[in-house]
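No lab work stands behind these numbers, since they all come straight from the coordinates. Note that the structure is predicted; figures quoted are calculated from it, not measured. Virtual Cβ from ideal backbone geometry, glycine too; neighbours counted across all protein chains shown.
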Amino acid sequence: MQKLAVVLIAVALLAYAPAAMAQGTASSSILARANVMTPIQVTPQQNLEFGNVIPGINKSIPVANASAGRWLVQGTVGAQVNLDFTALPATLSDGSNTMPIVYAANDAGHNTTNNAGAAVLFDPAGTALANTHATSGELFVWIGGTVQPAAAQPAGLYQGTITLTANYTGN
């Protein structure tokens, strides 16, 4: 009888052993995902135009002025971008003649709509972080500045290249 009881207990234990083992194991799955961002584009829309300048008299163009320089940055909706003026000339040139151009701490701005009057101002000598528009992926960037012609500044068309670089921050 004892042998029968031992055998019954052993059979009972073996019957419940797979269930007990199965209860000690669990698994679950997740997805591996990556969102490839839209390539960022920077399109010049308007040159920074000082127009006619009088020798010896500085002329300033603020960001909200219709003559301010403007770019359109387009990319992934709502993405954070770093804005950096990678070429910001200290002088404008006409042949061998040069004329200083300076930029104040608030001579650049950005906005998700084409409204320079509501732009977030920043120093063009530094960098700025901004987000593209939440539905269009657009970001407008403006630049102003001040030219400083000498009293004996030779007549001519003075030019210099301003380059805006925008890149994603990953945020």
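A compact table of results
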| item | result |
| --- | --- |
| D_trans [Stokes-Einstein, Kirkwood Rh over alpha-carbon pairs] for the stretch 68-112, 20 °C, 1.002 mPa s, µm² s⁻¹ | 159 µm²/s |
| Length gained when the stretch ASN82-ALA155 is fully extended (0.36 nm per residue, less Cα-Cα span) | 22.5 nm |
| For the stretch 126-171, the spread of Cα positions along each principal axis, largest first, Å | 50, 21, 14 |
| Residue order, fewest to most surrounding Cβ atoms within 10 angstrom, among TRP71, TRP142 | TRP71, TRP142 |
| Ratio of the Cα radius of gyration of the stretch 63-162 to 2.2 N^0.38 Å, where N counts its residues | 1.21 |
| Nearest-0.05 FRET efficiency for GLU138 and ASN58, computed from C-beta distance (R0 25 Å) | 0.15 |
| For the chain, the spread of Cα positions along each principal axis, largest first, Å | 124, 29, 23 |
